[in-house]
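> First the structure, which I've put down as structure tokens, then a few questions once you've had a look.
The values are calculated or read from the model by the stated rules, or taken from the named source; none is laboratory data. All values reported here derive from a predicted model rather than from experimental measurement. Note: ideal-geometry Cβ built from the backbone for every residue, glycine included; neighbour counts use all protein chains shown. Accessible surface areas use protein heavy atoms only, side chains included; no ligands, DNA or RNA. Shrake-Rupley method; radii C 1.70, N 1.55, O 1.52, S 1.80 Å.
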Amino acid sequence: QLQLVESGGGLVQAGGSLRLSCAVSGRTDSWYTMGCVRQAPGQEREFVAGISWSGGSTYYTDSVKGRFTIAGDNPKNMVYLQMDSVKPEDTAVYYCAATRVLATMRGGDFDSWGQGTQVTVSS
């Protein structure tokens, strides 16, 4: 298993920006995809963004395309989620997660998780 530690959450106004960081430790060579999954109160976990750990290709759920950017820094074992033009509906706990499945958007495929960081967007 990997150890994933998120940071950077907080309160931000609608239209603002926030950057989440995820520190990854442990052996990463067999983990293909790093991702961000969020969970709003009373709702199921929702995939947000993913990045291929080796190739760097990225993909997003439709609701964040053009607003969020996921990036990886392999030498530093860090993953970042840049959140721009945030909306109140982006309010959730954001989790860094890892999976051995390539390019998946299924939350159930992720089997290594961080503790989560709260993001609250005020209107």
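> For the stretch 23-39, give me the residue count where each residue is modelled with pLDDT under 95 and either among the β-branched types (Val, Ile, Thr) or under 17 Å from LYS87 (Cα atoms) (or both).
The qualifying residues number 3.
> Then there is this: Inside the stretch 7-51, can you point out the residues that are of a type in the set (Val, Ile, Thr) and open to solvent by 40 Å² or more (accessible area, probe 1.4 Å)?
Listed by number, the list is empty, since nothing qualifies.
> Return only the number of the condition from (1) among the small types (Gly, Ala, Ser); (2) farther than 15 Å from LEU18 by Cβ; (3) touching a residue at least 40 places away in the same chain (Cβ under 8 Å) that SER122 does not satisfy.
Only one criterion in (1) among the small types (Gly, Ala, Ser); (2) farther than 15 Å from LEU18 by Cβ; (3) touching a residue at least 40 places away in the same chain (Cβ under 8 Å) is unmet by SER122, namely (2).
> Is at least one residue of the stretch 32-55 among the β-branched types (Val, Ile, Thr), in contact (Cβ under 8 Å) with a residue 12 or more places away in the chain and within 22 Å of SER123 (Cβ to Cβ)?
yes
> Quick one: which strands (runs of 3 or more DSSP E) sit completely within the stretch 3-68 and have at least 2 residues that are of a type in the set (Val, Ile, Thr)?
Because the criterion is at least 2 residues that are of a type in the set (Val, Ile, Thr), the strands (runs of 3 or more DSSP E) in the stretch 3-68 that meet it are 33-39, 46-52.
> Could I ask something else about it? Failed condition for ARG100, given (1) in contact with a Phe, Trp or Tyr (Cβ under 7 Å, 6 or more places away or on another chain); (2) at pLDDT 95 or above; (3) of a type in the set (D, E, K, R), with all others met?
Result: ARG100 passes all but (2).
> In the stretch 8-32, how many residues are of a type outside the set (Lys, Arg) and under 11 Å from the mean Cα position of the chain (by Cα)?
The total comes to 3.
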